[in-house]
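Asker: Before I ask anything, let me first share the structure, which is written out below as structure tokens.
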């Protein structure tokens, strides 16, 4: 078989493409070439005009359009992007070949690129530093005028400090040398995915690399080809080798019947196939190969496309027993089910009581908890009933959430030779491991409830409450002091770990409250298996055949009771397959009143409110609000009389003509301003200078409190010894006496804050891809640094509580939030404000790239307050149940809105997060973390409006008993100019559902005259409920009278 590269012919189709994986508009030209067989051949072109090299005191920041500049911490942060290429059905991707590549030097000499850093969570922590008078919550008085006089881009009060940045990772010399000697290939295969009937090859492109001399060069053109091969068969030998590999991985014999070649996805019917096809087209750079999915669809016994799981009682998920009565929930969700059925969507409401009782099968036997019972039920009815949409009708006290182990935070380095060990380090004595656990993770809390695991294997070392652990029986416990000799029943910083050296003499990780991830993805991804590949010969081609091991308990292949474990690189250990079978949303309600609010808001969105004022709401879908609170660690520092300042303070040394400033940690970016606030109207920006001294004005990072020399890192690279400034928590300041003794210092990131920059990229993306959402309103904490051309693009104002509340009370359609947050809110929007919004029945759809705002496993997060507000708030919310990661979460938000170009269903928009896996670079564990924590509160089937929407109308309010009919009209959209609608005209193809009483129903489709005839003699005099729906119109539901 000819290779794909050999089969490439002259480019027959040239298309300018957005790099789908990053979902920002990237100036990359993509050519899809015709081939003589089913292989795939494409060319990628990168332009030097899209390249930016920014010089900082700490190295060069390399940016290529909207590619992510990433890498393993300490290695060069170079741009990378993942792309998806589809193979035609039924072929699999075989070998990857580079046919040609062209490179262009972009620097003339050796260039030190800034090193990649660890990701930082985007949560709000405590305030940094205390006012000398004890005002810990404010950095100046409540009536301070600095907002208007000094810094029009900064708020004078309630300046919360952000979570501390991870320790700075200096450049690793060997990594830079290796990057020059053996740069990564321009294109390399990452994995194989399946979307619908097509296999998708995911490749990573690294278009900038080092030369041997340390220069940087850009690949301006590369042509790649992927062979297409048919699926080979797995032989008995292949299966036996696969079984042996899995047995080695898990340290136990695995059941032979649980190891099989990766099966095809079950597709319930043509509707699901169509959605999957649209999804594939939106994700790949060669959509021309995506064809229609044709199958003999399975026969469904009692089809239920939409399933609601709820109950009128709370549940103990461990004991699987009912608890407190919550009457009325089932009844309220039946209202939603009726509305879905009226739109032609088969819908069923199922109670947990009936599931546990075995009404549809015995799912309790062998299940560990209620979560597993529900999941096993879903796996069964997904096939039998053809379920595609799942609404979890209740908060976690009614429908429990699965909690999984996150790979980030809580880490303890492998043992060192220092005894007793330093903070968050360990020491191996020869018989046991000693850990000094001070703050190994953000918001750390020492507790006997914490879990201790091997992050590389997932092995669990259990807490030893009984004192029975030994060198042969693993366990850990607290000790009273750093001699690690006396057991402590009270948690301390001193942890002793017993067990064989092969298990415990290693890097370890604590799983604690804030890296335990609540996720409804457990109910969406119903296929649980561990995937491995084996080389299989197929003619002249060696093909990597995927095979799978299905564990006895889903999401716990290791079998230790810790669910969903994965490694820092994002690789799975427990059988969590990044594939979605059900689009899942949750209604986080506890009472019938809250459920009533949820259903009312969902129906109001579908119908654009009440009939009487629907016309005024036609333009409402055009409205977008973007808010951004700063990511940057902007902070202020107060004077102290102590020689060594504490965090958030500075001290003045008159004898040395300098001041010493102390941050809580080294800053998290490379460009900063230090501003001396002398008086209310005298603020001076000091220059960064490593040679600053009593006669040279400026500032630099110092080595320590006792060593005022500039903090530097020296290394030999590219034939030269380089002395490179590094960041530290200590800052030395030289200048005039007034500049050394100001009221306070401000430490401020230079240029536009990253959160605002993320929102501006999103705004431009929406303007380009979704032109119908064209009324933009912006509220930025850093609006002072917004470039002029962007400032005039749409209304923008400073982010304050009153501003954001006024904007939300004005009833926007889409709200995007970005910035540090917690369960109480973000972007000046709190639980209290959310609960009291008055934007009316048309709730907005909110997306938050922020930490913890969707922490629905607690009582109550901001997301829940917005959803449960009966007078306004949100109809749906997408946000994180735990930390979001700066530099990662924005990729997922752009993916969400990009998906809106292909589908309107809210659940499918949130499902876009699967396709974003791997786009954040080396620490792909942050991507998997986000997939788990980004949960939807709202109706997953809800169709999101992409523009001003015309309305359907029922012109007749009376229906005759003889020859009854319903006529449907719809407003006509004027073809040019702004969204304006003309006189209504008949609508063909509208689905009309009529209902009289609990049993009399009829469904029909309108003809060219907008008419559907009802069966004569079926209905009686009285009220008739009529619902009409059409993809291009808002739903109409009304009452008509049947008369004689």
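Please treat every number below as a calculation from the coordinates, not as lab data. Source: prediction; values computed, not measured. A quick note on method: Cβ atoms are made from the backbone with ideal geometry, for glycine too, and the neighbour counts reach across all protein chains shown.
Asker: Which value in nm describes the separation of the simple spin-label points at residue 264 and residue 466, placed 7 Å from the Cα toward the beta carbon?
Answerer: A separation of 5.2 nm, rounded to one decimal place.
Asker: Also: Between residue 1031 and residue 579, what FRET efficiency follows from the Cβ-Cβ distance if R0 is 25 Å, with the result rounded to 0.05?
Answerer: Working: r = 27 Å, r/R0 = 1.07.
E between residue 1031 and residue 579, to the nearest 0.05, is 0.40.
Asker: Under 8 Å for C-alpha pairs, at least 6 residues apart: give me the relative contact order for the chain, rounded to a whole percent. Don't skip to the end; give the middle numbers.
Answerer: Values: 2630 pairs, mean separation 119.2, N = 1044.
Computed value for the chain: 11 percent relative contact order.
Asker: Once you have the Cα-Cα distance between residue 697 and residue 56, take 0.36 nm times their residue separation minus that, and quote the gain in nm to one decimal. Walk me through the intermediate numbers first.
Answerer: Values: separation 641, 0.36 × 641 = 230.76 nm, distance 1.88 nm.
Roughly 228.9 nm would be gained on extension.
Asker: Oh, and also: Can you give the FRET efficiency to the nearest 0.05 for residue 1021 and residue 988, using r as the Cβ-Cβ distance and R₀ = 41 Å? Write down the numbers at each step before the final one.
Answerer: Values: r = 30 Å, r/R0 = 0.73.
So, using R0 = 41 Å, E works out to roughly 0.85.
Asker: Give me the angle, in degrees from 0 to 90, between the Cα long axis of helix 236-250 and the longest principal axis of the Cα atoms of the chain, rounded to the nearest 10.
Answerer: 50
Asker: Something else: I'd like the FRET efficiency for residue 473 and residue 331, computed as 1/(1 + (r/R0)^6) with the beta carbon distance as r and R0 of 45 Å, rounded to 0.05.
Answerer: On the way: r = 54 Å, r/R0 = 1.19.
Computed FRET efficiency for residue 473 and residue 331 comes out at 0.25.
Asker: Among 726-733, 467-474, what's the highest-first ranking by average C-beta atoms within 10 angstrom per residue? Please list the in-between numbers first.
Answerer: Working: 726-733: 21.4, 467-474: 13.1.
Going from most to least packed, we get 726-733, 467-474.
Asker: At 0.36 nm per residue, minus the direct Cα-Cα distance, what do residue 737 and residue 531 gain on full extension? Give it in nm, one decimal, please. Walk me through the numbers on the way to the answer.
Answerer: Working: separation 206, 0.36 × 206 = 74.16 nm, distance 6.56 nm.
Gain on stretching residue 737 to residue 531: 67.6 nm.
Asker: Highest mean first, what order results for 643-653, 64-74 on Cβ atoms within 10 Å? Before the final figure, lay out each step's value.
Answerer: Numbers: 643-653: 17.5, 64-74: 21.3.
Ranking, from highest mean packing down: 64-74, 643-653.
Asker: With everything on Cα atoms, drop me the angle between helix 592-607 and the longest principal axis of the chain, reported from 0 to 90° to the nearest 10.
Answerer: Tilt relative to the chain: about 80 degrees.
Asker: Right, next: Thinking of the stretch 411-511 as a set of Cα atoms, what percent of all their pairs are more than 19 Å apart?
Answerer: 31
Asker: How much of the DSSP bridge set in the chain is antiparallel, in percent, rounded to the nearest 5? Don't skip to the answer; put the middle values down first.
Answerer: Values: 173 of 223 bridges.
The answer is about 80 percent antiparallel.
Asker: Between the stretch 224-294 and the stretch 822-838, what is the separation of their alpha carbon centroids in Å?
Answerer: Value for the Cα centre distance between the two parts: 44 Å.
Asker: Follow-up question, since we're still on this one. Using the basic label-point model (7 angstrom from Cα toward the beta carbon), what is the residue 103 to residue 714 distance in nanometres?
Answerer: 3.1
Asker: Any idea what angle helix 329-342 forms with the longest principal axis of the chain, computed on alpha-carbon atoms, 0 to 90 degrees, nearest 10?
Answerer: Computed tilt is about 60 degrees.
Asker: For the ranges 179-186, 778-785, what's the packing order if you count other beta-carbon atoms within 10 Å of each residue, average per peptide, and put the highest first? It would help to have the intermediate numbers written out before the result.
Answerer: Details: 179-186: 15.5, 778-785: 22.8.
Top to bottom by mean Cβ count within 10 Å: 778-785, 179-186.
Asker: Tell me, 945, 463, 932, 877 in order of fewest to most beta-carbon neighbours within 10 Å?
Answerer: Working: 945 22, 463 18, 932 26, 877 32.
Lowest count first: 463, 945, 932, 877.
Asker: So what's the stretch 737-803 giving for Rg/Rh, alpha carbon basis, Kirkwood Rh from the mean inverse pair distance?
Answerer: 1.14
Asker: How would 573, 756, 862, 715 line up from fewest to most surrounding beta-carbon atoms within 10 angstrom? Write out the running numbers ahead of the final one.
Answerer: On the way: 573 24, 756 28, 862 33, 715 17.
In increasing order of surrounding Cβ atoms, one gets 715, 573, 756, 862.
Asker: If I model a spin label at residue 169 and residue 792 as a point 7 Å from the Cα along the Cα→Cβ vector, what separation in nanometres do I get?
Answerer: My value for the distance between the label points is 4.3 nm.
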